């Protein structure tokens with residue numbers, strides 16, 4: 001029943017995304033709401049989100065194929081497949097944000113490896129190759145030395161890419177909301193949390209019922225409780241340091257999140273739905289034993305992280321870098337009051353639908369994903 005509902009939602013999402021795909025590919029960026037001042041919007045936030053899910057899923061796969069954790073034997077292939085379908089989703093959303101998508105080849109033929117963006121592009125390419133190779137080995141030689149080597153390389157890339165996204169933001173000294181040396185250290189943890197949330201959904205909703213599933217979900221629930229608490233600590237440190245610093249732009253960014261036009265998303269979706277509800281539910285023994293409920297909490301955590309990525313991008317760009325800039329010029333795409341347009345939402349919904357359908361079709365059609373493995 002759950003899988004059928006997800007298939008239906010995935011198809012609906014893709015249909016809703018057709019307008020956005022057509023508009024972006026054949027008309028361009030005319031209908032977006034970002035512009036000359038707010039240069040990054042919803043698609044960049046979703047790129048951060050999907051990339052975090054992909055690298056986090058790979059981290060969870062290492063429990064099976066690298067560290068040989070008996071409890072998670074047989075789950076690694078699903079985590080690898082999830083990584084394979086979510087990383088392209090990240091790359092699609094960031095590609096659509098580019099003014100000239102066709103120029104991506106320049107990063108390969110004429111790269112500046114001193115630039116974080118070039119490092120990330122090459123890193124994502126290598127990561128996808130590693131994931132594909134790992135999936136082939138998972139189907140044929142899951143216990144081989146080659147698999148251990150591939151998973152070790154992939155784990156390094158997953159951590160590097162997660163931290164690299166934080167570095168990409170943190171090096172912007174002109175944006176106090178991003179210029180935080182802790183971002184490269186925080187993002188790998190955020191990726192791990194996203195991966196754990198995704199595996200709560202996969203194990204809770206798609207794997208056979210039994211004592212083993214209950215044990216896996218219990219282990220993931222405990223890990224998620226700890227990760228949510230650590231996330232809450234990071235939120236407090238980031239906000240409190242920004243406020244105590246007294247830097248006007250940093251304080252203004254925090255105020256936008258906590259009390260401004262982005263407050264509803266922070267308090268309602270990121271904090272309440274994405275952190276408090278899962279924390280409380282997973283602490284209640286009766287609720288945390290339900291596979292459906294645990295999977296649903298994984299969904300809530302992912303929604304919270306998607307909103308959190310938006311609350312990293314939007315408020316930092318909503319602060320004028322020059323005093324009076326907002327009043328100096330007026331025109332289309334010359335404002336700081338950004339909210340995603342219908343076309344931006346359409347593309348995002350479509351990408352979510354494509355990723356969801358790709359995961360479902362793979363688990364239904366690929367023979368080695370259909371096999372049930374308890375141990376090897």
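The values are calculated or read from the model by the stated rules, or taken from the named source; none is laboratory data. Model, not experiment: these values are computed from the prediction. Backbone-built Cβ (ideal geometry, glycine too); neighbour counts: all protein chains shown.
Which of (1) at pLDDT 95 or above; (2) surrounded by fewer than 21 Cβ atoms within 10 Å (Cβ to Cβ) does residue 239 not meet, given it meets every other one? Unmet condition: (1). Where in the range 229-338 are there helices (runs of 4 or more DSSP H), lying fully within it, with 1 or more residues that are over 30 Å from residue 213 (Cβ atoms) and within 25 Å of the chain's Cα centre (by Cα)? So the answer is 248-258, 291-317.
Checked against the criterion of being under 19 Å from the mean Cα position of the chain (by Cα) and closer than 22 Å to residue 309 by Cα, the range 105-118 contains one or more residues that satisfy it.
Provide a single number: the residues in the range 24-54 that are in contact (Cβ under 8 Å) with a residue 40 or more places away in the chain and closer than 18 Å to residue 339 by Cα. Of the residues in that region, 21 qualify.
As a summary of the residue check, residue 233 satisfies the conditions (1) without any contact (Cβ under 8 Å) to a residue 24 or more places away in the chain; (2) surrounded by fewer than 17 Cβ atoms within 10 Å (Cβ to Cβ); (3) in contact with a helix residue (DSSP H, G or I) (Cβ under 7 Å, 6 or more places away or on another chain) except for the one numbered (3).
Would you check which residues across the range 1-14 are surrounded by fewer than 17 Cβ atoms within 10 Å (Cβ to Cβ) and in contact (Cβ under 8 Å) with a residue 24 or more places away in the chain and list them? Spell out how you get there, then give the answer.
Step one: filter the range 1-14 for residues surrounded by fewer than 17 Cβ atoms within 10 Å (Cβ to Cβ), giving 1-5, 7-9, 11-12.
Passing the criteria: 2, 3, 7, 9, 11, 12.
Among the residues here, residue 198 does not qualify as surrounded by fewer than 22 Cβ atoms within 10 Å (Cβ to Cβ) and either in a helix (DSSP H, G or I) or within 23 Å of the chain's Cα centre (by Cα) (or both).
Return yes when residue 325 is surrounded by 12 or more Cβ atoms within 10 Å (Cβ to Cβ) and at pLDDT 75 or above and no when it is not. Reasoning before the result, please.
Numbers: surrounded by 12 or more Cβ atoms within 10 Å (Cβ to Cβ): yes; at pLDDT 75 or above: no.
Answer is no for this residue.
Kindly indicate whether any position in the range 260-273 is farther than 26 Å from residue 175 by Cα, surrounded by fewer than 21 Cβ atoms within 10 Å (Cβ to Cβ) and in contact (Cβ under 8 Å) with a residue 12 or more places away in the chain. The answer is yes; a qualifying residue exists.
In the range 67-88, the qualifying residues are those that are out of contact with any helix residue (DSSP H, G or I) (no Cβ under 8 Å at 6 or more places or on another chain) and outside any helix (DSSP H, G or I), and the one that is farthest from residue 42 (Cα to Cα) is 68.
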